[in-house]
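The next block holds one structure in the form of structure tokens; read it before the comments.
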Amino acid sequence: MTPPAQPRPARVRVARPSTAAHGVDGTPTVRTLNGMSAASPSGDQNGKRVLLAKPRGYCAGVDRAVITVEKALEMYGPPVYVRKEIVHNRHVVDTLRERGVIFVDETTEVPEGALVVFSAHGVSPAVHEEAEKRNLRTIDATCPLVTKVHKEVNRFARDDYDIMLIGHHGHEEVEGTSGEAPEHVQLVDTPEDVAQVQVRDPSKVVWLSQTTLSVDETMQRVDQLRERFPEIADPPSDDICYATSNRQVAVKAMAAECDLVLVVGSRNSSNSQRLVEVALQAGASDAHLIDYASEVDPTWLDGVETVGVTSGASVPDVLVMELLDYLAGRGWEDVQEVTTANEKISFALPRELRTGREDKRSSVR
Ligand code: SF4
């Protein structure tokens, strides 16, 4: 895997969208802030400023998964069952639950013949078989970039490789990916795992990875694997997805200037947790993961001038706007967006839902 190039970030002072103008269904409106006047080009007079990372928030796979559930509700009516959280975000899950989605842990909890959507993190073939046995109607919202890794597992398993899957124990994506060829895959999470894995033929070993890891940490694990297995093959293309690496590059670009970085995201969101770690490694004095602005501990802001703000790939931007409102209320009105990439990727909906009139964006944003 090639670590992403460090681009020169573009930096502009931005108007902060007002949360008063949008709920989960609304399009943000924009109002200009006092601290953005031309009279104070270097920032707010009190030294307080926010650096806002871009890209942040929803990736193409999450948007597709949320639209999939919304379309399923629209076309088939509630209840729509979803196996596991459709994406790892509390706000998204709660909003969809209010609209008639029933989240279950396993397909055995879904009534025979009902409709079930598989989450963006992907499922193993065993889950598909179980659903078929129970005559469930299924829609698969697995992100195409996760499916790509599943296909790589199948290809290397067919060629009888031992596959070192770098990822986190217990993560749903890893369970789905390993399940493609459990007899060939060994999970490598920690340095201790590297020491313990066993291979049959050191010339037929490949490493693949979960899509939402820290790029730097993954490369450390690859180096450790390569010390044990010098002939280990690289994946045919990067498994850590564009959205994960882009959000890490953006937070790295601003972290060293930040006294505090606030990452909006849920505890079970791997890519959000990685953003906190990357921010600290890149020089932020402090960093925290929060689902909502209300979770900010006011003591975190003591003595702070520059606050960095970003969000994980499953986070609707409305939650970031609420955080900016919270900060503005405490004197952090000057918001500068630090842009390291402009993302234009989108994925087609699952075949069962294509009507020729696809919505371009999910309404839970
Ligand atoms: S984080 Fe990456 S792999 Fe996961 S849903 Fe988004 S685009 Fe797909």
Q. So is W300 of a type in the set (F, W, Y), crowded, with 21+ Cβ neighbours inside 10 Å and farther than 29 Å from E172 by Cα or not?
A. no
**Q.** Residue list for segment 304-331, restricted to those being of a type in the set (S, T, N, Q) and under 12 Å from A53 (Cβ atoms)
**A.** T310, S311
Q: Return yes when T142 is closer than 24 Å to I102 by Cα and of a type in the set (S, T, N, Q) and no when it is not.
A: yes
Q: Could you tell me which residue of segment 51-68 is nearest to F347 (Cα to Cα), considering only residues that are small (G, A, S) and crowded, with 24+ Cβ neighbours inside 10 Å?
A: G61
Q) Here are E180, E152: which of them is in contact with a helix residue (DSSP H, G or I) (Cβ under 6 Å, 6 or more places away or on another chain), not in a strand (DSSP E or B) and not assigned by TED's automatic domain parsing to the domain that holds V251? A) E180
Q: Test V315 against the criterion of being at pLDDT below 95, within 18 Å of the chain's Cα centre (by Cα) and of a type outside the set (K, R), and give yes or no.
A: no
Q) Only one of (1) in contact (Cβ under 8 Å) with a residue 40 or more places away in the chain; (2) not in a loop (DSSP other than H, G, I, E, B) fails for H88. Which number is that? A) (2)
Q. Just checking, which of Q224, Q220 is in a helix (DSSP H, G or I), of a type in the set (S, T, N, Q) and without any contact (Cβ under 8 Å) to a residue 24 or more places away in the chain?
A. Q220
Q: Return the only residue of V215, V263, V276, V206 being more than 14 Å from the ligand (Cβ to nearest atom), of a type in the set (A, V, I, L, M, F, W, C) and out of contact with any Leu (no Cβ under 7 Å at 6 or more places or on another chain).
A: V206
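The values are calculated or read from the model by the stated rules, or taken from the named source; none is laboratory data. This structure is a prediction, so every number in the text was calculated from the model and none was measured. Ideal geometry is used to build each Cβ from the backbone, glycine not excepted, and the neighbour counts take in all protein chains shown.
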